[in-house]
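The values are calculated or read from the model by the stated rules, or taken from the named source; none is laboratory data. For clarity, every value in this text was computed on a predicted model and none was experimentally measured. Note that each Cβ is placed from the backbone with ideal geometry, even for glycine, and that neighbours are counted across all protein chains shown.
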Amino acid sequence: MADSQVHRASTFAPVNIAVIKYWGKRDAKLNLPTNSSLSVTLSQDDLRTHTTASCSSTFDRDSLTLNGSDQDISGARTQACLQELRQLRQEVEQKDGSLPKLSEFRLKIVSENNFPTAAGLASSAAGFAALVRAIANLYELPATPTELSRIARQGSGSACRSLMGGYVAWEKGERADGLDSVAYEVSPASHWPNMQALILVASAEKKDVSSTSGMQQTVASSALFAHRADEVVPKRMKAMEKAVHEQDFEAFAVLTMKDSNNFHAVCLDTQPPIFYMNDTSRAAVRVCESLNAASPDGKPLCAYTFDAGPNAVIYYLAENEEQVAGTFKNILGDKTGWEGARGQKVNKAGA
Ligand code: 2P0
């Protein structure tokens, strides 16, 4: 008799915000980056994707819904993730013949984001990380977070960094097949527990230029880009890992702000130019700069960073909450183009 049972597994994956940015691919098909990157994983209690993966002999097609609407999963990136996970399950089934043949069943994937999709809030990162881990859990794969990061990377580059909590690096790798282009934990969140992030939403609308096409245009046309990828980022990766290991907020803040500005400079140097930051974003930079200029010991109190959109993420230490978050929230009260703010903790991502 055919097995009509529905097998199911669920997981959460958090958003990560890079402090050394990924921008540029050395291999678009395998989704391999031109430079390494480093991010901070935010608490999954707030911004996160929740995904349930199920499979059954009764399902007639693979499907994915996001916030209730059916998604196209025929793209090469999603297919690469599904095929690889199925193949790994097949290998497990071949070793243990008593296991149900889940690899032969169609998959139903149901995802919910609790934040705006594609508005520069790292939705694809949390989305693909949750998709890959939910299916890996469903298939009971004996894979480590680093192994899963290699699969999630093929869905969306930044997703590989959302499979771990705390401070996470994505090593660009040297191999043409991408097997060494994976994420690793630099330090767990508990190593630097007073790190905080404040997300300032300037616009929750979908961004004009997708990251994928924006970075391709940058690689093809920016004269500054090679210098960033070859010279600037490799030095900053080392310096940022050191700053995290030593809990050196001054170094962390300076590197974070410089790398955000360098990334937006190569966007501006792209043909046609890409403007992710707007006047509201620049106002946040000025607030941050004036807070830092007024710091009693001359050391930065906060650091801004902007991804592929106008929203700001402000990193600061808990002891400076009142000064930093208080100042930004007062400004928000003046309605200067901000739609809202969300304080984030940097916690360990749960499995
Ligand atoms: C980052 N961003 O490191 C950088 C900073 C945006 C700016 O990773 O083409 O959506 O899916 O691999 O991961 C956004 O790029 O791009 C990104 P794909 P992804 O977080």
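Please identify the pairs in which a residue from segment 284-299 that is of a type in the set (D, E, K, R) has its Cβ atom under 7 Å from the Cβ atom of a residue that is surrounded by 14 or more Cβ atoms within 10 Å (Cβ to Cβ), counting only partners at least 6 apart or on another chain.
Partner pairs satisfying both residue conditions: Lys299/Glu250.
Can you tell me which residue within segment 295-313, out of those that are modelled with pLDDT under 95 and among the small types (Gly, Ala, Ser), is farthest from Asp208 (Cα to Cα)?
Applying the filter and picking the extreme gives Gly298.
If I go through segment 295-314 residue by residue, how many of them are not charged (D, E, K, R) and not in a strand (DSSP E or B)?
Qualifying residue count, segment 295-314: 9.
When you scan segment 69-76, do you find a residue that is more than 12 Å from the ligand (Cβ to nearest atom) and either over 20 Å from Ser213 (Cα atoms) or touching a Lys or Arg at 6+ places or on another chain (Cβ under 7 Å) (or both), even just one?
Yes.
Among the numbered criteria (1) assigned to a helix (DSSP H, G or I); (2) farther than 30 Å from Gln323 by Cβ; (3) under 21 Å from the mean Cα position of the chain (by Cα), which single criterion is violated by Ile274?
Only one criterion in (1) assigned to a helix (DSSP H, G or I); (2) farther than 30 Å from Gln323 by Cβ; (3) under 21 Å from the mean Cα position of the chain (by Cα) is unmet by Ile274, namely (1).
Hey, among the residues in segment 151-208 that are within 13 Å of the ligand (Cβ to nearest atom) and part of a strand (DSSP E or B), which one's farthest from Gly309 (Cα to Cα)?
Looking at the filtered set, the residue picked out is Ala183.
Does Asn35 count as within 10 Å of the ligand (Cβ to nearest atom), of a type outside the set (Val, Ile, Thr) and out of contact with any Ser or Thr (no Cβ under 8 Å at 6 or more places or on another chain)?
Criteria met by Asn35.
Let me confirm something: among Leu148, Leu141, Leu224, which residue is away from the ligand (no atom under 15 Å from the Cβ), surrounded by fewer than 21 Cβ atoms within 10 Å (Cβ to Cβ) and within 19 Å of Arg86 (Cβ to Cβ)?
Leu141
Output the number of residues of segment 261-275 satisfying the condition of being more than 11 Å from Trp23 (Cβ to Cβ) and within 11 Å of the ligand (Cβ to nearest atom).
Residues flagged as more than 11 Å from Trp23 (Cβ to Cβ) and within 11 Å of the ligand (Cβ to nearest atom) within segment 261-275 amount to 0.
Picking from Ala126, Ala134, which residue would you name as being within 21 Å of Leu82 (Cα to Cα), assigned to a helix (DSSP H, G or I) and within 15 Å of the ligand (Cβ to nearest atom)?
Ala126
Residues in segment 46-61 that are among the basic types (Lys, Arg) and outside any strand (DSSP E or B): how many?
1
Could you tell me whether Ser43 is within 30 Å of Ala239 (Cβ to Cβ), of a type outside the set (A, V, I, L, M) and within 16 Å of the ligand (Cβ to nearest atom)?
Spelling it out, it is not the case that Ser43 is within 30 Å of Ala239 (Cβ to Cβ), of a type outside the set (A, V, I, L, M) and within 16 Å of the ligand (Cβ to nearest atom).
Of everything in segment 1-27 that's within 13 Å of the ligand (Cβ to nearest atom) and not in a strand (DSSP E or B), which residue is farthest from Lys238 (Cα to Cα)?
Only one residue tops the list, namely Val15.
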